[in-house]
Amino acid sequence: MSEPESHPIVGWEQETAVPENHQFNSYLHVKNGHLHMDGLDLAQIFLDEAPQGFEQTLPSPLEIVYLPQIRKQIQKMRQVFADVITELDYEGTFHYTYASKANAAEEVIRTTLSAGAQHEMSSTVDVDIAKIMIQRGLLTPDRMIVCNGFKGPGSQYAANILQLRLLHENLIPVIEDLPELSPLLSSGQTFNVGVRQKSYGPNETQAEMDQANSRFGLHTDDIWKAASYIAAAPNLTLTMYHYMVGSQLTDIPAFISWLKPGIEIFARLRQRYPSLSIFNFGGGMPVAMTLDFAFDYHEFARQLLTALQEACRRYNVPVPDMMGEFGRYTTSEHGAHLFKIIAAKENGSKLPWYIIDGSIMSSFPDSWALSEHFIVLPLNHLDKPFQQVQLGGITCDSDDVYPPKPSKSPLYLPVETDELYIGFFSIGAYQEMLGGVKGSKHCVLPEAYELIIDKDENGRFHYQILHGQHPDDVLRNLGYAV
């Protein structure tokens, strides 16, 4: 008898009610038939009994930004590496770095910096954001700013990096292409510099790395050229080796095996250039976007540090400090998008259609473009029977549905649809950036209100409401005078 086909678990998968006090994951649980997010009753935001701190209930759809979850993620990963460093007697340190492209919102950058993260950027506007954070005293002189992305001669990004160096000494431009060295060499300013290896995916030999179909980074010969140019320059110091192999990698042995060729090159470079002190393994750290997620962060860190120790021992060089660029891992779980079910249509379909008062494909573009899965749970009626349904947005697009069309994951929601609200969770990374902020959406839907939530040391919630768009705002965006 064949095993049943596995699928991502995106929500409750039974027709019976969810038991009282059921814990879906580390921050979502059930109490009195309502879904609570780290102790906050989400249904109350819309119902008559609004939470303390609100003068009135809020409209649906509504975006939730829960800042404590960002701090928890940073603290958790730092503790993982601290434990493994102690366990292995590893002599380097760990630098947690936030990859700002995942979510560049002010409240997110403010929170990552206040939690002690280093800062990574990839475009000229990122530099302007960094300048603002320096002025506010959040991006302090001890923090590293890692400048990834293309920054060739004559680009605004390259010019802005030179200006940023006047404000912040601890800046590390990472070289993607040899001409990027030119503005740094002629600037007259001192820089710590990184080099990025051309690699992405399952490349387990140097030859495979150099053949990798990646637009980022240098092949091995140019890595050595860049290192020699930097060493010869009176104002540049080679500090970092950057090696990125993938995104949302959940197979630890594969993750480590793909990193090992870069670890080998780092150790060889370190023999010739003693200033090289940071091994940046880039992104790829996975995070729970569904309820069946499992990844042993401690084991990943143990295997990574062990591989670094072994390679450095062979080449008789000191082990490096490690850096990871955590974007999705940092921000995915802090974001949620809440909707009201406005219609339940039998429609002669195999499964009934539940229609939300917003769009799935424009709110979470990855569900449409990449068939990505996110957690979907009701905010109320969890103590009542469920049924399997199809979920649709209110746009006229056939792809505005969930689960994604190729998905094998069933979606169960309460049979009771009167005043039923649902939430999509773990959508805080990339989705808002890809969907656009304050822009005009597919089918000219106005942007939702946003509720920013924080919690103080006494456990009290604090709220900030950002108003959504009025239809007049959408018309103005599109050039209609109103």
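Here is a check on your reading of the model: is Ile263 within 28 Å of the chain's Cα centre (by Cα), modelled with pLDDT of 95 or more and in a helix (DSSP H, G or I)? Considered against the rule, which asks whether it is within 28 Å of the chain's Cα centre (by Cα), modelled with pLDDT of 95 or more and in a helix (DSSP H, G or I), Ile263 comes out as yes.
In this structure, is Arg270 assigned to a helix (DSSP H, G or I), among the charged types (D, E, K, R), within 22 Å of Leu304 (Cβ to Cβ) and assigned by TED's automatic domain parsing to the domain that holds Pro141? Yes; evaluated as a whole, the condition is true for this residue. Within segment 348-380, if we keep just the residues that are in contact with a strand residue (DSSP E or B) (Cβ under 6 Å, 6 or more places away or on another chain) and among the aliphatic types (A, V, I, L, M), the residue that is surrounded by the fewest Cβ atoms within 10 Å (Cβ to Cβ) turns out to be Leu351.
State yes or no: is Glu91 assigned to a loop (DSSP other than H, G, I, E, B) and either touching a residue at least 60 places away in the same chain (Cβ under 8 Å) or not acidic (Asp, Glu) (or both)? Yes, satisfied. Could you list, in sequence order, the residues of segment 288-325 that are crowded, with 20+ Cβ neighbours inside 10 Å and modelled with pLDDT under 95? Answer for segment 288-325, where residues must be crowded, with 20+ Cβ neighbours inside 10 Å and modelled with pLDDT under 95: just Met289.
I'd like to check something: does segment 430-444 contain any residue that is of a type in the set (A, V, I, L, M, F, W, C), assigned by TED's automatic domain parsing to the domain that holds Leu379 and at pLDDT 85 or above? No, segment 430-444 contains no residue that is of a type in the set (A, V, I, L, M, F, W, C), assigned by TED's automatic domain parsing to the domain that holds Leu379 and at pLDDT 85 or above.
Tally the residues that are outside any loop (DSSP other than H, G, I, E, B) and either within 32 Å of the chain's Cα centre (by Cα) or crowded, with 22+ Cβ neighbours inside 10 Å (or both), restricting the search to segment 225-244.
Of the residues in segment 225-244, 10 are outside any loop (DSSP other than H, G, I, E, B) and either within 32 Å of the chain's Cα centre (by Cα) or crowded, with 22+ Cβ neighbours inside 10 Å (or both).
Highlighted here are the strands (runs of 3 or more DSSP E) found entirely within segment 112-208 that include at least 3 residues which are outside the structural domain of Lys455 (by TED's automatic domain parsing) and not aliphatic (A, V, I, L, M): 118-121, 191-196.
The values are calculated or read from the model by the stated rules, or taken from the named source; none is laboratory data. Note that the structure is predicted; figures quoted are calculated from it, not measured. In this analysis, Cβ positions are derived from the backbone assuming ideal geometry, glycine residues included, and neighbour counts consider all displayed protein chains.
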